[in-house]
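Engineer: Sharing a structure with you now.
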Amino acid sequence: AKLGIVIPAAGQGKRMGAGYNKQFLTLMGEPMLAHTVRLFEQSSYVSEIVVVGAEADVPIIVELVHHHKFDKVKICKGGVQRQDSVRAGVQALSSAIQRIVVHDGARPLLTLEDFHRFLDETEKFKAAIMAIPVKDTIKQVHETGKVIATLTRERLRAVQTPQIFDRAILAEAHYQAVSAGYYGTDDASLLEWMGYPVQVIEGSQENIKVTTPEDLWLAERILAMREA
Ligand code: C5P
């Protein structure tokens, strides 16, 4: 099946505190989003890429795509929540695309090697995600600060992207969720909400989401280490 990529990059990056969309902050002299898109441009398994940007950022993304000669890329306008952005991105893929990978614009450190391993290990699943064991003990906490419960760490995973889906299932989950007003912080949660099985594949500690200023610092160092 032909593979398409949806890259949600329409967030405001409030937790970064940069005052503008964090996807344009530079890593090794290039916007974070350029690093993220390049990986999929370079993969021979990928037919099409949709970058989902905030309306005000579309001209900058057009320029970025042109500058890097990313020829698999289409651009579409995002929505209020991440989920709205992904839904728009899925709709923008051409009808020949029957398998979809969703990957955050803010995860520029995924390697081609890990991406290809992910494709390989998820081939037989209709829905699968990358995740890593958590290092910290995770507690559920009441809004007053009082602890409600300590979750069993061995069973917990910190979920990343890429997440891969058969197109029909992902489109159906997004349709059902938006109709019901259900919102999740990733795409797999919409399938889970519908009772659909989702497979977990081991991710990478380096595949961080660049959210706060410390993450940017760490991302720079990981990239520098790879280049050395
Ligand atoms: O907010 P969060 O860190 O979960 O965002 C993950 C990704 O989703 C980021 O790349 C962000 O730009 C994107 N996003 C989006 N549209 C939104 C909110 C977030 O494309 N409305």
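The values are calculated or read from the model by the stated rules, or taken from the named source; none is laboratory data. What you see is a predicted model; the values in this text were computed from it and never measured. FYI the Cβ positions are ideal-geometry reconstructions off the backbone, even for glycines, and counts take in every protein chain you see.
Engineer: So which residues in the range 28-59 are out of contact with any strand residue (DSSP E or B) (no Cβ under 8 Å at 6 or more places or on another chain), without any contact (Cβ under 8 Å) to a residue 24 or more places away in the chain and over 23 Å from R99 (Cβ atoms), if there are any at all?
Structural biologist: G29, E30, A56, P59, listed by residue number.
Engineer: State yes or no: is L3 touching a residue at least 60 places away in the same chain (Cβ under 8 Å), surrounded by fewer than 22 Cβ atoms within 10 Å (Cβ to Cβ) and more than 28 Å from V178 (Cα to Cα)?
Structural biologist: Details: touching a residue at least 60 places away in the same chain (Cβ under 8 Å): yes; surrounded by fewer than 22 Cβ atoms within 10 Å (Cβ to Cβ): yes; more than 28 Å from V178 (Cα to Cα): no.
No: the conditions fail for L3.
Engineer: Among the residues of the range 48-69, which ones are buried (at least 18 other Cβ atoms within 10 Å of the Cβ) and farther than 13 Å from A9 by Cβ?
Structural biologist: Passing the criteria: only E48.
Engineer: Which condition from (1) farther than 30 Å from G19 by Cβ; (2) in contact with a helix residue (DSSP H, G or I) (Cβ under 7 Å, 6 or more places away or on another chain); (3) modelled with pLDDT under 95 is the one that A228 breaks?
Structural biologist: For A228, the failing item is (2).
Engineer: Oh, and also: Please work out if V62 is in contact with a Gly (Cβ under 8 Å, 6 or more places away or on another chain) and either away from the ligand (no atom under 11 Å from the Cβ) or within 18 Å of R99 (Cα to Cα) (or both).
Structural biologist: The answer is no for V62.
Engineer: While we're looking at this one, here's another question. Could you please find all residues in the range 193-214 being assigned to a helix (DSSP H, G or I) and modelled with pLDDT under 95?
Structural biologist: P213, E214
Engineer: So, in the range 6-39, of the ones that are part of a strand (DSSP E or B) and away from the ligand (no atom under 11 Å from the Cβ), which residue ends up surrounded by the most Cβ atoms within 10 Å (Cβ to Cβ)?
Structural biologist: So the residue we want is P31.
Engineer: Give the residues of the range 72-104 that are out of contact with any Pro (no Cβ under 8 Å at 6 or more places or on another chain), under 15 Å from L33 (Cα atoms) and of a type in the set (D, E, K, R), sorted by residue number.
Structural biologist: Taking the range 72-104 first, the residues out of contact with any Pro (no Cβ under 8 Å at 6 or more places or on another chain) are 72-77, 79-81, 83-84, 87-88, 90-100.
This time we only want the ones that are under 15 Å from L33 (Cα atoms), so: 72-76.
Residues satisfying the conditions are K72, K74.
Engineer: Still on this structure, please answer the following. Being within 18 Å of L170 (Cα to Cα) and either surrounded by fewer than 20 Cβ atoms within 10 Å (Cβ to Cβ) or of a type outside the set (V, I, T) (or both): is that true of A88 here? Can you show your working first?
Structural biologist: Working: within 18 Å of L170 (Cα to Cα): yes; either surrounded by fewer than 20 Cβ atoms within 10 Å (Cβ to Cβ) or of a type outside the set (V, I, T) (or both): yes.
It is true that A88 is within 18 Å of L170 (Cα to Cα) and either surrounded by fewer than 20 Cβ atoms within 10 Å (Cβ to Cβ) or of a type outside the set (V, I, T) (or both).
Residues are listed down the side, and each one gets a yes or a no for (1) more than 13 Å from the ligand (Cβ to nearest atom); (2) without any contact (Cβ under 8 Å) to a residue 60 or more places away in the chain; (3) loosely packed, with under 15 Cβ neighbours inside 10 Å; (4) among the aliphatic types (A, V, I, L, M):
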residue	(1), (2), (3), (4)
Q160	no, yes, no, no
S179	yes, yes, yes, no
L190	yes, no, no, yes
V198	yes, no, no, yes
S204	yes, no, no, no
T212	no, no, yes, no
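Engineer: Among the numbered conditions (1) farther than 26 Å from F125 by Cβ; (2) modelled with pLDDT of 95 or more, tell me where Y20 comes up short.
Structural biologist: (2)
Engineer: Could you tell me whether I75 is within 21 Å of A188 (Cα to Cα), assigned to a strand (DSSP E or B) and in contact with a helix residue (DSSP H, G or I) (Cβ under 9 Å, 6 or more places away or on another chain)?
Structural biologist: So I75 does not fit the description; no.
Engineer: Oh, and also: Being more than 24 Å from Q83 (Cα to Cα), among the polar types (S, T, N, Q) and assigned to a strand (DSSP E or B) is the filter here; which residues of the range 143-174 pass it?
Structural biologist: Selection gives T150 alone.
Engineer: Kindly indicate whether Q42 is away from the ligand (no atom under 16 Å from the Cβ) and at pLDDT 95 or above.
Structural biologist: Numbers: away from the ligand (no atom under 16 Å from the Cβ): yes; at pLDDT 95 or above: yes.
Against the criterion (away from the ligand (no atom under 16 Å from the Cβ) and at pLDDT 95 or above), Q42 qualifies.
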